[in-house]
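Data block below; observations after.
The values are calculated or read from the model by the stated rules, or taken from the named source; none is laboratory data. Remember, predicted model here, so these are calculated numbers, not experimental data. Heads up, the Cβs are rebuilt from the backbone with ideal geometry, glycines too, and the neighbour counts pull from every protein chain shown. Please note that ligands, DNA and RNA were not included when accessible areas were found on the heavy atoms of the full protein model with its side chains. Shrake-Rupley method; radii C 1.70, N 1.55, O 1.52, S 1.80 Å.
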Amino acid sequence: MPPTVTTHPPLFGPATAVARIEAASRRTQQPQSKGDLVSLAMGEPDFDTPPQVTEAAHASLRAGRTHYSPLRGEPALRDALAEKLTGIAGAPVSAADILITQGGTAGLSAAILGMVDPGDKVVVPDPTYSLYADLVAMAGGTVVPVPLGPDLHWDLDRLADALTDAKLFVFCNPVNPTGIVHSREELTALADLLDGTATIVISDEAYSDLDYTGRPFTSAISIDGLRERTVYCQTFSKSYAMTGWRVGYLWGPPSLIDAAARIHNTFNGSVNTVIQDAALVAVRSCDEDVARMRAAYVERGEIMRRELAAVPGLTLSAAEGAFYQFPRYDVDLPSVDVVAALRAHGVAVRPGSEFGAAGEGHLRLSYAAGPQAITEGVRRLADGLAALR
């Protein structure tokens, strides 16, 4: 007679917040690149950080600037950012309402966790950056995705319906993954939709220096009717090629920044002093470096667009900003399967479904890679798509 086997429930288990994130998350972790794989998947500049920024970090270390920083950030950096934001907003910005964060990710996390309660309705465009939904799920809120129009800009009628009784609307501009840029007219329309409501806005403007539309970039905080309800989220990662440095910042209504600071101080503490000293130099002295990298992205975007235009079955997105193309493909397969097949042909891209259900049928390609990688990567993509047909 076989022995009786007694089963027991697991002794340890994760918090329900983990299960909520896992249920909501569309974020994918691709296998580590190896061999001669060409990656067009990373949303990371391939440029080195400007040398004066790196030297500032060295100088800060040599000066012994290795102790705790104030929890809200170094006063000199916050003052410099307040001056910069005053110019962007067209209205006075106080350094007291700026919070230095451990990168843009921690800023978004602190803002969302600081204002979203269980059951709160949070509206996001679809597709959009996938971290937003994960953070809302972590907080216990309810994500309401709003599909974009055919041109990948907001469908304002759908958005108006979705925003009814919403606690929060979160968007990025320029947009990851679509590469489009929301205009002053769109942002003004959003302000009109929210007039008389208590809905808060988070405007993630990580790519604001990478606008190729030929018109001045419009920040949400420059729009009357949005400024007073918007938490502005920014990072040094994209403009200054400082992804690994992990420094960003928030600005917005004092009560919301106070709440975000409480969350950030709890799980992060202060940002390290040396990195803030380097970030201050970036703000003060790197305009020419930003312009140089932006010009390179324009050139790379043109290369990618030209190469993709020659690939049968692709419908390209408008090259308006950031460093992404978001083409629609005509192969009758889910985007995760297309991405897996393309890896077998030596090129890594990201599935459109990672960014929302409405992203299905698309691929996200980054032209933060070098020109040769772009050309070779698109060639391999074309071969892979041809094989799938």
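When the residues of the stretch 73-106 are narrowed to those that are closer than 17 Å to residue 258 by Cα and over 23 Å from the mean Cα position of the chain (by Cα), which ends up surrounded by the fewest Cβ atoms within 10 Å (Cβ to Cβ)?
Of everything passing the filter in the stretch 73-106, 96 is surrounded by the fewest Cβ atoms within 10 Å (Cβ to Cβ).
Look through 142, 188, 178, 164 and report the one residue that is open to solvent by 10 Å² or more (accessible area, probe 1.4 Å), of a type in the set (S, T, N, Q) and touching a strand residue (DSSP E or B) at 6+ places or on another chain (Cβ under 8 Å).
Unique residue meeting the criteria: 142.
Is one or more of the residues making up the stretch 280-293 open to solvent by 10 Å² or more (accessible area, probe 1.4 Å), among the small types (Gly, Ala, Ser) and at positive phi?
No, the stretch 280-293 contains no residue that is open to solvent by 10 Å² or more (accessible area, probe 1.4 Å), among the small types (Gly, Ala, Ser) and at positive phi.
Given the criterion in contact (Cβ under 8 Å) with a residue 60 or more places away in the chain, farther than 25 Å from residue 352 by Cα and of a type in the set (Asp, Glu), identify the matching residue among 289, 258.
289
Can residue 346 be described as buried (at least 23 other Cβ atoms within 10 Å of the Cβ) and of a type in the set (Gly, Ala, Ser)?
No, not satisfied.
Can you say whether residue 74 is of a type in the set (D, E, K, R), touching a helix residue (DSSP H, G or I) at 6+ places or on another chain (Cβ under 8 Å) and at pLDDT below 95, as far as the supplied structure shows?
Considered against the rule, which asks whether it is of a type in the set (D, E, K, R), touching a helix residue (DSSP H, G or I) at 6+ places or on another chain (Cβ under 8 Å) and at pLDDT below 95, residue 74 comes out as no.
Does residue 192 meet the test of being of a type in the set (D, E, K, R) and in contact with a Cys (Cβ under 6 Å, 6 or more places away or on another chain)?
Considered against the rule, which asks whether it is of a type in the set (D, E, K, R) and in contact with a Cys (Cβ under 6 Å, 6 or more places away or on another chain), residue 192 comes out as no.
Only one of these is surrounded by fewer than 17 Cβ atoms within 10 Å (Cβ to Cβ) and touching a residue at least 40 places away in the same chain (Cβ under 8 Å): 312, 351. Name it.
312
Each row is one residue, and each column tells you yes or no for (1) over 22 Å from residue 50 (Cα atoms); (2) modelled with pLDDT of 95 or more; (3) of a type in the set (A, V, I, L, M).
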| residue | (1), (2), (3) |
| --- | --- |
| 265 | yes, yes, no |
| 283 | no, yes, yes |
| 291 | no, yes, yes |
| 296 | no, yes, yes |
| 299 | no, yes, no |
| 321 | no, yes, no |
| 340 | yes, yes, yes |
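Name the residue, out of 212, 297, that is of a type in the set (Ser, Thr, Tyr), within 24 Å of residue 184 (Cβ to Cβ), open to solvent by 30 Å² or more (accessible area, probe 1.4 Å) and touching a residue at least 24 places away in the same chain (Cβ under 8 Å).
212
Among the numbered conditions (1) in a helix (DSSP H, G or I); (2) free of Cβ contacts under 8 Å to residues at least 60 places away in the same chain; (3) open to solvent by 20 Å² or more (accessible area, probe 1.4 Å), tell me where residue 373 comes up short.
Exception for residue 373: condition (2).
Of the residues 341, 358, which single one is surrounded by fewer than 17 Cβ atoms within 10 Å (Cβ to Cβ) and of a type in the set (A, V, I, L, M, F, W, C)?
Just a single option satisfies the conditions, and that option is 341.
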